[in-house]
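Everything below concerns the one structure shown next.
Rule-based calculations on the coordinates, nothing more; no lab input. In this text the structure is predicted, and so the values were computed from the model without any measurement. Note that we place each Cβ from the backbone using ideal geometry, even for glycine, and neighbour counts take in every protein chain shown.
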Amino acid sequence: MSIENLRTAVRGGVLLPGDADFDQAARPWNSAIAQSVAGVVEVADALDVAAVLDYARRAGRPVVTQPTGHGATGDIDGAILVRTKHFHTVDIDPGQRVARVGSGVHWGQVQAAAAGCGLTGLAGSNPVVGVTGYTLGGGFGWFARKYGWAANAVRAIEIVDAAGRPQRVTADSDPDLFWALRGGGGDFAIVTGLEFELFALPRLYGGRVMWPADRTRAVFDLFTELTTDAPAELSVWLQRYQIPGAAPTVAIDFAYLGDPADGRHLTRRLDTIDGILADTRGELSPGEIGKITAEPTDPSPSLSRGELLTDLDDAVVKTLIEAPVAPLLNVQIRGLGGALAQHRPDGGARGAVTEPYALYLLGLGLPHLLGPIGDRFDEIISALGTHITGTKPYTFLAPGESATAAFDPNTLARLRDIKRNRDPHNIIRANFPVLG
C-alpha cells in the first residue's frame, strides 16, 4: 500500500522523502538525532489522526507523535511521524482554574495566557517544550515541590485510540487509560488535547546568581543548606557550566512561590558568597519562568543523561563538584522532595519519587565530541555507584535508554498490560515504548 495514499486521505499536510520541506519537518528538536521516517503528517484534526492510524494498520507501519520534537530518540525508522502544530488552541477558564489546550501547544503559550488571570500551570523550565509530551511523561519543573507532577493535574485527555476512535478520557470514563496516560508516556493513544488544573500564583520571585568556578564548593554548601530546609514553595537547582571559549562558572537558580520579601529572606545567604558575576533575582510573572535558566529555545545538537541521587555525600561531591565539567557543558543538580515525594492514590503512572535530588548532565552533540562525552557520562555514573538508583523520570530518558528505567516493575507490568489491550498491533509508539 503506497504511502502516497495519505496525501488524499488527510486534510493536513503530508511530506514524503524527496519533498522540499521533508527534512525540516522530520527533524527533531535535538539536531544531533537523525529520524529516518517514511513520512510526516501535519494532522489538521482528529479525523486526520484516524486516517493516519487506519493507513498504518493496513500498511504495518508504526505511528509516532512528536508535537515539538523534544524527547526524540532516532529509533523510529520507517514510521509515520505525526506533528500536531494545528492543534494550537489555548482556553483558560479562570473561574474553574482549568486550561484546555491542543496537543501542539507549548508551555510558553499556556503560561502567557494564564498569567493575566493570576494563574499558572505546572510548567517546566523551558517555554518551548510542548505541554503534551512533557505532561504524558510526568513533567516536573519549578512548581513540582509544591504541587507535584504535571500529569497529576490533568482532568481530561482528548485522544484518538488505536482503532481510530476519538474519545475524551477521564478518571470516570476509563480509569486504566487515564492512569497510564498521566506519566506513562504516549504509547497508548494519540493525544489531541489536554484539560488540566491551574494554580493560583499571585506572586513569584526567582532568578539566577552566578559566580566564577573557584566559588563552587561554597556555592554547593549553600545549595545543600537551602535544599535541606526549604519550604515546598522554594525550588533550588545547582548549575555548573563549562561553555566553550568561556571561563567555567557555577550558579544557583531558584523559584519561590510567594511574596518576594519572603523569597529574598529565604535565599539571603546567596549574598554571603562574594564574586557574583551575574544576578537576575527579581519578581516574575508565570510567563517569565523561562528567564530563570535562560535555556536555548532554538533546536541544537546535544547529548544528555539524567539520574536520581540518593544523597550528596563526599563521594558525590568528588564526582560532581570537584571534578572538571569539561568535556560536558553542564552539570545540574535539582532539589526534589515536597509533593514529588508524596504518594497520591489518585495519581497517575508517575508515582512518588523518594530520592532527594535529580542529576542532569548535558554535552554538545557534535560529531567529534560524541565519544568523549559518552565516556564522561559513563565515568560519572560508574563513580556515583550506589548513589544513583537507576530509576529516573520518563522525561529524563535519553536515546539508547528504555522506559524500563522510568518505572518500578509493578507499574511497568500494568502499563504493558494496558498497552497490549488498547493497541494489540502495537501501531502507536512513544519515543520510549513500554514494550521496547
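Looking at the chain, the DSSP beta bridges with both ends there are about 85 percent antiparallel. Computing FRET efficiency as 1/(1 + (r/R0)^6) for D91 and N421, where r is the C-beta to C-beta distance and R0 is 30 Å, gives about 0.40.
As a rough guide to protection, the peptides 140-148, 279-287, 158-166 ranked by mean Cβ packing within 10 Å, highest first, stand as 140-148, 158-166, 279-287. Here M1, M210 are placed in order of increasing Cβ neighbour count within 10 Å, fewest first, which gives M1, M210. For K85, a cut-off of 25 angstrom between C-alpha atoms picks up these lysines, skipping any fewer than 8 places away in its own chain: K291.
Each peptide among 11-17, 106-112 gets the average number of other Cβ atoms lying within 10 Å of its residues, and from highest to lowest they stand as 106-112, 11-17.
The mean sequence separation of alpha-carbon pairs under 8 Å and at least six residues apart, normalised by the residue count of the stretch 3-83, gives a relative contact order of 35 percent. In terms of the mean number of neighbouring beta-carbon atoms within 10 Å, the peptides 120-128, 297-305 order highest first as 120-128, 297-305. Across the alpha-carbon atoms of the stretch 288-434, the computed radius of gyration and Dmax are 17.1, 50 angstrom.
Distance from the Cα centre of the stretch 16-91 to that of the stretch 177-203, in angstrom? Using only Cα atoms to place each centre, the spacing works out to 20 Å. Summary of the geometry: the stretch 123-176 and the stretch 372-403, compared by the centres of their Cα atoms, lie 25 Å apart.
Of I273, I76, I333, the residue with the greatest mean-square motion in the GNM of the chain, using alpha carbon springs below 10 Å, is I273.
The slack in the chain from T8 to R165, taken as 0.36 nm per residue of separation less the alpha-carbon distance, amounts to 54.5 nm.
Among E4, E307, E233, which comes first, second and so on when ranked by fewest other beta-carbon atoms within 10 Å?
Details: E4 11, E307 23, E233 19.
Placing the least packed residue first, the sequence is E4, E233, E307.
For the pair E225 and D314, label points projected 7 Å from Cα toward Cβ lie 2.2 nm apart.
I'd like the FRET efficiency for D274 and S300, computed as 1/(1 + (r/R0)^6) with the beta carbon distance as r and R0 of 30 Å, rounded to 0.05.
On the way: r = 33 Å, r/R0 = 1.11.
The pair D274/S300 has a calculated efficiency of 0.35.
Modelled label positions at R203 and D54, each set 7 Å beyond Cα in the direction of Cβ, lie 5.7 nm from each other. Bridgeable lysines around K318 (alpha carbons under 23 Å apart, same-chain partners fewer than 8 residues away excluded): K392.
When a/c is below 1.5 the answer is rounded, else prolate if a/b is larger than b/c, else oblate, so apply that to the stretch 45-90 with a ≥ b ≥ c taken from the square roots of the Cα gyration tensor eigenvalues. Judged from the Cα gyration tensor, the stretch 45-90 comes out oblate (a/c at least 1.5, b/c at or above a/b).
Shape verdict for the stretch 240-300, please, from the Cα gyration tensor: rounded (a/c under 1.5), prolate (a/b greater than b/c) or oblate. Here the stretch 240-300 falls in the oblate category. The simple Förster model, with R0 at 45 Å and r as the Cβ-Cβ distance, assigns D259 and A44 a FRET efficiency of 0.45.
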